[in-house]
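One structure is given below, encoded as structure tokens.
The values are calculated or read from the model by the stated rules, or taken from the named source; none is laboratory data. This one's a predicted model, so the numbers in the text were calculated from it and none came from an experiment. We place every Cβ from the backbone using ideal geometry, glycine too, and count neighbours over all the protein chains shown.
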Amino acid sequence: MKITVQPFGEHAILIDWPATVNDTVSQEILAINTAINATFSSELIETVTTYHSIAVYLKETAIMQNCLEALESFIKTDTPETLINKRVVFIPVCYEDCFALDISIVAEKNELVKTDVISLHTAPVYPVRFLGFLPGFPYVSGLDERLHTPRLKSPRLQIPAGSVGIGGSQTGIYPSNSPGGWNIIGQTPIPLFNITNDPPNLLVAGDFIKFESISLAVFEEIKQKIKAGTFQLKTASL
Amino acid sequence: MIRVLKAGISSIQDSGRVGFRAIGVPLSGVMDAHSAGLANQLVGNTSATAVIEFTAMGPTLLFESDTLIAITGASFGLILNDEVKPINTLVQVKVGDILKCTSPKNGWRGYLAVQGGFDSQVVLGSKSMYQGITEKGRIDKGDILRIGGTSEIIIVDNESINPLDFDSKIIQVFKGPEYGFLDEKTKENLEKASFKIHQNSNRMATQIDGLGEVKFKDILTVSVQPGTVQLTPSGKLLILMKDAQTTGGYPRILQLTNKALNILAQKRPNEAVTFKIAGN
């Protein structure tokens, strides 16, 4: 596969794979990203991965031409092993009407009933490709085509943190209160980003998530447990 | 200690929240790093020390301890008690002194450094205020700003100072990763046209209207950074600034040089700029 290495301004380098969303590319990117961070720690300040790219942000003291050449030859010669992380994080979601503002839009658009929406949404194990947009926001792929629904015509000014939505072919969770144009189908009581936690993000690129339907009573119970610090996050290995 | 009598539009900023962009946390930090660095240099701080950044309207401050300060950036008028003070110089303040700033004649952002820096909340390795990350997103009237936290002081002589020249209309850029998406006419327009800074510009993005509707293919979400110029389907240009998101879904047609990013931070709404692509 053709990988390109090019400058991205004065102090950054982009490593690009052909534009695509798939498991092979994502896993290769995560593995190479880990290797780059280990090998070039004295030249870089941080890296950001997306679907088909790694942005390498360099220290001001790093010499662009040297880094370009070093990364180019690194990409050619290094074939890191696939990452071992196959963590599945279970995300409880209450799909009841008090949270699911737009679940009927999603159902009607796709000629489904609400319970179909819930079972189709909770069925897959979604890979987390990367975080971006808002602190802690996971870009996941794998939403069932039967749930694809266009964004709202006019975005809402305030969506509560934890809201689970569908926007076009994407599904995701709002980590904080924010404006948003996605169709809201439920809410999770679990914080995806909490600055007082170390690390503040619940998910990392390479994780998988599995939504689990919960009742309003369980939603409230989990909220209480989180508040009391007794909540145990359910995870598994894929 | 410094008591904030009037806040203006101010926040504490340092060199940014490095190392957390992979979890979606914006870089933040001073918009005009050159001017902020100069303010720190004048009082003897290291260049990464936290300063007060103010935009269009400066704060009014009551000093509750003797200290040394410096103000740089836009040409704010400074009045210490009743005495006019120059920018870009070291100013001695005493307990009870009140500093006022009048609107800048030229430029848009000012920087106030205090010897020893500000002893304010550190979150993820940075004092830069950002709503949702730090407790406060901006400085408010009545706030108390504690001084201290930086011990290394190296005072330089005033002759070696080098303020940023931000009068030039020219914004130096590199071609961005999706520059090739543009048709020849748009490429030509980009370099020939004069663009006006939109009122809706802030620490997240400087907005510019003017390319007209443009047709291009959709892209997948990609990495963006301060200085990335995104092109929206309506032809608007979004020049991402320090509080920008870490990823975005619009083509990245240009990337500003670091110096251009500092200059742009000093451009006022309705001011005109032109792009010059490096190497052309």
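Results, tabulated for the structure shown:
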read-out	value
Total residues in the range B:188-221, condition within 14 Å of chain A (Cβ to nearest Cβ), among the β-branched types (V, I, T) and closer than 27 Å to B:G29 by Cα	1
Residue that is modelled with the lowest pLDDT, among those in the range A:133-170 that are farther than 23 Å from B:G132 by Cβ and assigned to a strand (DSSP E or B)	A:G168
Residue satisfying condition, being surrounded by fewer than 17 Cβ atoms within 10 Å (Cβ to Cβ), closer than 27 Å to A:V204 by Cβ and more than 14 Å from chain B (Cβ to nearest Cβ), within set A:H148, A:H121	A:H148
Any chance A:L44 is buried (at least 18 other Cβ atoms within 10 Å of the Cβ) and over 17 Å from B:K175 (Cβ atoms)	yes
Matching residues in the range B:37-94 - criterion: being over 20 Å from B:S120 (Cβ atoms), in a strand (DSSP E or B) and β-branched (V, I, T)	B:I79, B:V84, B:V91
Extreme residue, surrounded by the fewest Cβ atoms within 10 Å (Cβ to Cβ), among residues of the range A:47-64 that are at the interface with another protein chain (Cβ under 10 Å from one of its Cβ atoms), without any contact (Cβ under 8 Å) to a residue 60 or more places away in the chain and out of contact with any Cys (no Cβ under 8 Å at 6 or more places or on another chain)	A:E60
Residue in the range A:8-41 that is surrounded by the most Cβ atoms within 10 Å (Cβ to Cβ), counting only those that are over 28 Å from A:Y126 (Cα atoms) and within 7 Å of another protein chain (Cβ to nearest Cβ)	A:F8
One residue from B:R17, B:R3 being of a type in the set (K, R) and within 14 Å of chain A (Cβ to nearest Cβ)	B:R17
Only listed residue being under 19 Å from the mean Cα position of the chain (by Cα), on the phi < 0 side of the Ramachandran plot and without any contact (Cβ under 8 Å) to a residue 12 or more places away in the chain, chosen from A:N33, A:N22	A:N22
Test result for B:E159, surrounded by fewer than 21 Cβ atoms within 10 Å (Cβ to Cβ), farther than 30 Å from A:V5 by Cβ, in contact with a Pro (Cβ under 9 Å, 6 or more places away or on another chain) and at pLDDT below 90	no
Residue in the range A:211-229 that is more than 14 Å from chain B (Cβ to nearest Cβ), assigned to a loop (DSSP other than H, G, I, E, B), in contact with an Asp or Glu (Cβ under 8 Å, 6 or more places away or on another chain) and among the hydroxyl-bearing types (S, T, Y) present	yes
Positions within the range B:222-245 being in contact with a strand residue (DSSP E or B) (Cβ under 7 Å, 6 or more places away or on another chain), within 22 Å of B:Q172 (Cα to Cα) and within 13 Å of chain A (Cβ to nearest Cβ), in sequence order	B:S223, B:V224, B:Q225, B:P226, B:G227, B:T228, B:V229, B:I239, B:L240, B:A244
Sole exception among (1) surrounded by fewer than 18 Cβ atoms within 10 Å (Cβ to Cβ); (2) within 18 Å of the chain's Cα centre (by Cα); (3) within 22 Å of B:L27 (Cβ to Cβ) for B:G117, by number	(1)
Top-ranked residue in the range A:134-145 [being more than 14 Å from every other protein chain (Cβ to nearest Cβ) and under 21 Å from A:C94 (Cβ atoms); ranked as surrounded by the fewest Cβ atoms within 10 Å (Cβ to Cβ)]	A:D144
Some residue of the range A:214-226 being among the polar types (S, T, N, Q) and surrounded by fewer than 16 Cβ atoms within 10 Å (Cβ to Cβ)	yes
Test: residue in the range B:72-90 that is touching a Ser or Thr at 6+ places or on another chain (Cβ under 9 Å), within 14 Å of chain A (Cβ to nearest Cβ) and either farther than 28 Å from B:G125 by Cβ or touching a residue at least 24 places away in the same chain (Cβ under 8 Å) (or both)	no
So A:S178, is it touching a helix residue (DSSP H, G or I) at 6+ places or on another chain (Cβ under 9 Å) and surrounded by 12 or more Cβ atoms within 10 Å (Cβ to Cβ)	no
